[in-house]
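The values are calculated or read from the model by the stated rules, or taken from the named source; none is laboratory data. Because the structure is a prediction, the values reported are computed rather than measured. Here Cβ is always computed from backbone atoms with ideal geometry, including for glycine, and neighbour counts include all displayed protein chains. We work out accessible area using only protein heavy atoms, side chains counted, and drop any ligands, DNA or RNA first. Shrake-Rupley method; radii C 1.70, N 1.55, O 1.52, S 1.80 Å.
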Amino acid sequence: MTSTSTGAARLPLPAQSFPHGPEPAPAARFALLNDEPVTDPAADLLGTGRAARQLAGLLVASRDSTPFTLAVDAGWGMGKSSLMRLVDAELARAPEVHTVWFNAWTSTADDALEGLIKSVLMRFDRRVLRRGVHRLSERRALLRAARALTTVAAGPLGVAGLVDEVWKSLSVDSQARNAMRGAIGDLVQEWSQTGEFRPRRLLVVFIDDLDRCPEEVVLKVCEAVKVSLDVPGLAFVVGCDRSALGPGGLLRDLSPAASAFMEKIFQTSYRIPVADQQGVREYIGRCAREAGIDRLLDERLTTMLAERSARNPRRIKRLVNGFVLEATLNPMWDDFPPEAVVRTLLLQYFYPDFYRMVAGAPGGTGDVIAEFRTYRQVRRLLRTPEAVPAAELAVVSRFLDEHDLPETDREPREETLNRLERQLPSSFPEMVTDQEFTSLIDGLVELPRSAELLRRLREGAALPAAVEPEPAPYVLATPSPVAPGYGARPATRGEESGAPLRRVRILWVDDYPGNNEPLAGRLRAAGAVVRIAEDSDAADAALAVEQPTLIVSDIGRGANPRAGLEHVGRLRSEGRYAGPVIFYTGRITPERQSVADELGADLTTSAAEVELLVLRLAGQVPRSG
């Protein structure tokens, strides 16, 4: 993938704009990166060119083995389109090899078959197409007169008009469609024969983004490839993530016969390998230089970006562009150095659970970064076999008191640490050994005015939604102004068809309901009825009137850090509610997880996961496993 700069930001103003003083120091110059596939081998940064040359050579050498289909197999953002474009560039130098591109993602189920076949026919010259129209008219005895007139009229038609005529003849009825493969085979045979007949012409059809299409489009494209266009002279190169096209992916509802048909589509596959660490680091360096953030990425941050992005070029570009857009457009960063943007967004992107605790998640308490750093110190002290100085023991004692853990002199230090870690976020013990994470946090704290930055984050400072590493697997409707409560206006017939949660009734218990308004709004817009209760008594009153489909609850309320757990426990034990429960909270600890498991409840810090759990309950997305 190439990383072409498309514009700069925060350019210094001209001197005449500052009549009462000197021009301020120039601001940082940033630029956005595009996300277009590589088309020039000179722009190849990840060694894709070598594979492209070999694949192109394989296609040329196999022209006598056509028809066949080659899958370029890789996950989202791993360079399928770039590799295919480079193969196309290599084929341009081969004698009597022609190519055509078809982007399946732009098609619908109604036009995918027609669109692909017409794309192939458009590569033939007028002479071949005119003869094809003439042959088709002769084959249709009942329409011979009409087709004869068409053939005569077709004289001045261009290629597009002749292609339309061929398609009309092939798609007029089921009998014509049954003969489509033979008719297209005749056209390809005539087109592929050169004057000397050696080498025969080869048409390579590139089909991109098949794994991003609805099931109906996938099946139509595959029908065209395997049924209508499976003729000598044609080779297909299909860019897709084959795992997404399997029974566990887009095509999970296929019958056994249809699944067997799909297995026959691809004769062979090339799986794009993940780039090595050095290649990805060089790629990040190139992207960072073009975006203007190279001086903000030290070696450890570069390593984090490479490894935690799964060495995915598109993810890297998205994150770099996220830095640029934040630093350029969000006025919050006017008060902080550009490195603060980079470190904050890396935290948001690669450690989303921790970031949610930092940035004022529901039920969050205090400064979680200070808590984590103190825990790291306390953990070190409790794990050391040597005597601990009194000043450092005081740090341990204060930290235990803050977490309502009485200290006992007779208890082994290891047991004290185990009790402490049951009260801390479950991710702390793993993250404390993650050098990239601890370096990221330490660097953030050491920045100028970091205390003010962290205060703003805790108060919910305006930051964008986290950069998605890949397209979301599900989408809820955007919020609409529907009044809260079970008395909301019922959906009309037309609205119901687009309301996947129209039968879901949610009782949401939280003493700070304002924290949940965006998520509750999305659920309502998707058809759910959401009623809010601000404490256990209000929830009990609502349950006495009507049983909801599920309960969404916080955990800590007021001075009681276990209020939500205790309330659901009473409902279960008294038989007042046996349905599903989602605990939506700012932090997950081993103790909270254990109690939630005993209650048969889900526990999450993620709004997206709440949406997914509700959709699963409504049967809109399959359960994993």
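Odds and ends about this structure:
- Using the alpha carbons alone, the radius of gyration of region 311-411 stands to its Kirkwood radius in an Rg to Rh ratio of 1.14.
- Ligands, DNA and RNA excluded, the heavy atoms of residue 316 present near 0 Å² of accessible surface to a 1.4 Å solvent probe.
- The candidates 403, 98, 134, 567, arranged from most to least accessible area with a 1.4 Å probe in the full protein assembly, appear as 134, 98, 403, 567.
- The reciprocal of the average 1/r between distinct C-alpha atoms defines the Kirkwood hydrodynamic radius, which for region 357-442 equals 13.8 Å.
- For residue 220, the aspartates and glutamates whose Cα falls under 18 Å of its own Cα, not counting residues fewer than eight places away in the same chain, are 110, 111, 114, 173, 208, 209, 211, 230, 241, 253, 263.
- With a 1.4 Å probe rolled over the protein heavy atoms of all chains, the accessible area of 270, 349, 512, 283 falls in the order 512, 270, 349, 283, largest first.
- A straight chain from residue 329 to residue 295 at 0.36 nm per residue would run longer than the Cα-Cα distance by 10.3 nm.
- Heavy-atom accessible area per residue - region 59-144, 1.4 Å, Å²: 45 Å²
- Under 20 Å from the residue 574 label point (7 Å along Cα→beta-carbon), backbone N, region 502-520: 507-511
- The gain in end-to-end length when the residue 505 to residue 537 segment is fully stretched comes to 9.6 nm, 0.36 nm per residue minus the alpha carbon separation.
- log10 of Debye I(q)/I(0), alpha-carbon scatterers only, for region 43-86 at 0.13, 0.20 Å⁻¹: -0.32, -0.69
- Taking each of 80/226; 80/168; 168/226; 80/264 in turn, the alpha-carbon distance tops 27 angstrom for 80/168.
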